[in-house]
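The values are calculated or read from the model by the stated rules, or taken from the named source; none is laboratory data. Treat the numbers as computed from the prediction; the structure is a model and nothing was measured. As a convention, Cβ positions derive from the backbone with ideal geometry for all residues, glycine included, and neighbour counts pool all protein chains shown. Surface accessibility is based on the protein's heavy atoms, side chains included, excluding ligands, DNA and RNA. Shrake-Rupley method; radii C 1.70, N 1.55, O 1.52, S 1.80 Å.
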Amino acid sequence: MIKFENVSKSYGESKVLKDLSFQINQGDFVVLIGPSGCGKTTTLRTINRLIEPDSGTIYIDGNDISALNPVELRRSIGYVIQQIGLFPNMTVEENIAVVPKLLKYPKEKWQPIVKDLLGLVGMPYDENAHKYPSELSGGQQQRIGVLRALAASPPIVLMDEPFGALDPITREALQEEVKRIQKKLKKTIVFVTHDMDEALKMADVIVFMSGGKILQMASPEELLQHPADPLISEFMGKHRGTVNINANLTAADFMKTRVLKASGSMQTLQSVELMRNRDVNSMIVLNEDDTYAGTVSLDTIKTHGKAGRAIGEFMETGVPTVNLKEDARETFEKLYTSPAGYVVVLNDDMSVAGLITKTSMAKAMGEALWGEMIS
Amino acid sequence: MTLIEFFIANQKDILGSLIRHFQLVGISVAAGMLIAIPLGIFLSRFQRFAPIILNFAGMIQTIPGLVMLGFALLLFGIGLLPALVVLSLYAVLPILHNTYTGITEVEKSYIEAARGIGMTDGQILYKVELPLALSSIVGGIRTSTVFTVSWATLAGLIGAGGLGDLIWTGLATYNTNYILAGAIPSAVVAVVLSGLIHLIQKKITPRGLKGVSA
């Protein structure tokens with residue numbers, strides 16, 4: 001168990017950690033996330049005393065770590081960094097065995113460890129142990145980086161954006177491997193990332209930091225459903241909708257709000273020009289008090305209209321309307337029976353909120369299913 | 001008398017000069033290493049001193065060899081000692097420079113990883129920094145050796161012997177054979193030693209580093 005108690009750290013004028021207090025339970029996969037400069041890496045590096053806090057105390061299993069020998073402390077905590085940092089002058093085997101050797105394990109003890117660990121990531125000992133890091137791919141190098149951190153069986157492993165420099169496919173494979181290893185070996189992992197995907201995939205607990213403080217510490221589910229701060233919602237962006245798929249979606253979730261509206265007194269040529277400019281074939285007509293009156297289509301004006309007439313004369317009222325809070329399913333049915341291929345969404349006061357087309361509906365459904373779409 | 005006949009006739013003298021030349025080079029490069037490598041390591045730990053020391057060593061390097069020998073003559077008299085002092089001073093800079101840059105240019109991620117997994121400062125130096133800087137350090141030794149072989153010819157001027165003796169004798173008596181008997185072996189020695197150290201350099205560079213650093 002790792003416990004932070006009122007931990008603060010400043011560099012000159014800037015406070016990077018502000019009175020941080022939280023607790024990491026044994027066996028948890030804890031992800032520190034937040035915008036850059038939020039203090040997540042600093043927090044991580046205080047755990048193995050690569051950074052010493054100005055004030056406050058960090059306990060591991062009840063022991064104040066500032067009272068421990070930093071070198072011995074670090075040997076008892078695994079450490080993986082983004083730049084991997086495998087020693088290029090050592091073979092794969094020597095790299096993995098480096099901490100056991102520092103701890104003076106005899107060869108009979110460390111060699112089986114190296115073999116076991118290589119097996120764990122599907123890199124056979126005979127093929128890989130005597131290669132040098134430069135002879136491995138980036139993904140293989142970071143696998144060895146992870147194994148090096150695990151070799152002396154530390155109960156805690158710190159990982160500082162370990163997969164940040166890898167390509168997406170390799171990253172995904174390593175995420176799965178690390179998660180599997182963590183479960184199998186029951187490690188406490190503290191993991192820094194700025195990638196919300198990665199956090200949601202790996203974490204038991206997510207610690208969302210900003211400006212040296214914790215904004216929210218919660219399970220991924222909890223964070224998605226009840227983000228405690230607008231910054232968190234923003235950071236999660238595309239993920240927000242994903243758990244709401246079965247929640248109460250309303251017309252408002254599907255509509256587009258950028259619609260062409262005009263008073264009935266607008267003249268035909270002007271409205272035709274407006275519709276052409278916006279590349280649409282109909283527009284909404286409003287009453288004097290801005291409430292919804294009807295729609296007018298480009299085709300109708302072209303067939304019946306003459307220049308200089310008011311568009312109100314050609315207005316149609318056959319397009320279905322729905323209230324903003326209308327249930328998604330009802331809205332969906334109205335859309336599919338609408339002769340114009342769209343429905344108008346109205347606010348409670350009958351003013352126009354937006355409209356739903358088949359395209360906007362499909363896009364919103366897609367986003368709800370798979371996250372943010374490229375428009 | 002042809003050059004070859006001269007070489008054969010004077011083989012004892014030439015061989016003696018050659019051996020003395022090797023002694024001059026060997027002792028001064030060894031002394032240079034003893035000073036420069038620890039000093040380079042020290043400077044890499046306390047980098048604020050580095051500019052002063054490296055500039056000072058650079059300044060020594062720019063003083064003409066004859067001037068240095070003159071000073072040494074005043075201080076230590078005639079013979080082997082002043083020559084060795086001067087040559088050792090010259091041997092320091094390339095090794096010092098390469099030791100310092102070799103260590104300080106080790107990628108920070110290796111140091112970060114080494115510290116993070118629990119190496120002490122000494123272990124970081126011996127297990128990570130020095131092995132990674134070794135190729136650069138040996139490169140410095142090679143440069144020093146080649147330079148010292150040529151500067152050692154000046155040592156003949158202050159009675160330290162070596163191949164320079166033959167050259168200066170030749171110059172003083174307009175005897176081309178003497179000049180060549182000193183010049184050719186010293187050129188050969190420079191080339192051979194340079195090649196030899198280059199081989200060692202390649203040999204000690206771990207496989208994992210080849211192609212990574214030139």
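The conditions of being open to solvent by 20 Å² or more (accessible area, probe 1.4 Å), of a type in the set (A, V, I, L, M), away from chain A (no Cβ under 14 Å) and touching a Gly at 6+ places or on another chain (Cβ under 8 Å) are not met by B:Ile200. For the stretch B:103-120, a residue qualifies if it is closer than 19 Å to A:Ala97 by Cα, open to solvent by 10 Å² or more (accessible area, probe 1.4 Å) and either touching a Lys or Arg at 6+ places or on another chain (Cβ under 6 Å) or not aliphatic (A, V, I, L, M) (or both), and the qualifying residues are B:Ser109, B:Tyr110, B:Glu112, B:Arg115, B:Thr120.
Yes/no per residue for (1) part of a helix (DSSP H, G or I); (2) in contact with a strand residue (DSSP E or B) (Cβ under 9 Å, 6 or more places away or on another chain); (3) in contact (Cβ under 8 Å) with a residue 40 or more places away in the chain; (4) open to solvent by 50 Å² or more (accessible area, probe 1.4 Å):
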| position | (1), (2), (3), (4) |
| --- | --- |
| B:Ile78 | no, no, yes, yes |
| B:Ala83 | yes, no, yes, no |
| B:Tyr100 | yes, no, yes, no |
| B:Trp151 | yes, no, yes, yes |
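Would you confirm whether any residue within the stretch B:108-123 is on the phi < 0 side of the Ramachandran plot and more than 14 Å from chain A (Cβ to nearest Cβ)? No. Residue-level check: of (1) closer than 16 Å to B:Phe147 by Cα; (2) buried (at least 17 other Cβ atoms within 10 Å of the Cβ), B:Ser17 misses just (1). Across the stretch A:266-315, the qualifying residues are those that are charged (D, E, K, R) and under 20 Å from A:Asn347 (Cα atoms), and the one among them that is most open to solvent (accessible area, probe 1.4 Å) is A:Glu288. Being of a type outside the set (A, V, I, L, M), crowded, with 21+ Cβ neighbours inside 10 Å and within 30 Å of A:Arg49 (Cα to Cα): is that true of B:Gly162 here? For B:Gly162, the condition - of a type outside the set (A, V, I, L, M), crowded, with 21+ Cβ neighbours inside 10 Å and within 30 Å of A:Arg49 (Cα to Cα) - is not met.
For B:Ser44, are the conditions met, namely being touching a Phe, Trp or Tyr at 6+ places or on another chain (Cβ under 9 Å) and either hydrophobic (A, V, I, L, M, F, W, C) or modelled with pLDDT of 90 or more (or both)? So that I can check it myself, show each step before the final result.
Values: touching a Phe, Trp or Tyr at 6+ places or on another chain (Cβ under 9 Å): yes; either hydrophobic (A, V, I, L, M, F, W, C) or modelled with pLDDT of 90 or more (or both): yes.
When the stated conditions are applied, B:Ser44 passes them.
Count of the stretch A:187-226 residues, restricted to those that are of a type outside the set (Asp, Glu) and without any contact (Cβ under 8 Å) to a residue 12 or more places away in the chain, is 1.
Going residue by residue through the stretch A:160-167, is there one that turns out to be crowded, with 21+ Cβ neighbours inside 10 Å and either under 28 Å from A:Ser14 (Cα atoms) or among the β-branched types (Val, Ile, Thr) (or both)?
First, the residues of the stretch A:160-167 that are crowded, with 21+ Cβ neighbours inside 10 Å: A:160, A:162-163.
Now drop any that are not either under 28 Å from A:Ser14 (Cα atoms) or among the β-branched types (Val, Ile, Thr) (or both), which leaves A:160, A:162.
Taking every residue of the stretch A:160-167 in turn, at least one turns out to be crowded, with 21+ Cβ neighbours inside 10 Å and either under 28 Å from A:Ser14 (Cα atoms) or among the β-branched types (Val, Ile, Thr) (or both).
Can you tell me which residues in the stretch A:54-76 are touching a Leu at 6+ places or on another chain (Cβ under 7 Å), open to solvent by less than 20 Å² (accessible area, probe 1.4 Å) and within 8 Å of another protein chain (Cβ to nearest Cβ)? Matches in the stretch A:54-76: none.
Among all positions in the stretch A:118-130, there is at least one residue which is in contact (Cβ under 8 Å) with a residue 12 or more places away in the chain, small (Gly, Ala, Ser) and more than 8 Å from chain B (Cβ to nearest Cβ).
Among the residues making up the stretch B:93-107, those that are within 14 Å of chain A (Cβ to nearest Cβ) and touching a helix residue (DSSP H, G or I) at 6+ places or on another chain (Cβ under 6 Å) are B:Gly102, B:Ile103, B:Val106. Against the numbered list (1) closer than 30 Å to A:Gly366 by Cβ; (2) modelled with pLDDT under 80; (3) of a type outside the set (Ser, Thr, Tyr), A:Gly305 comes up short only at (1).
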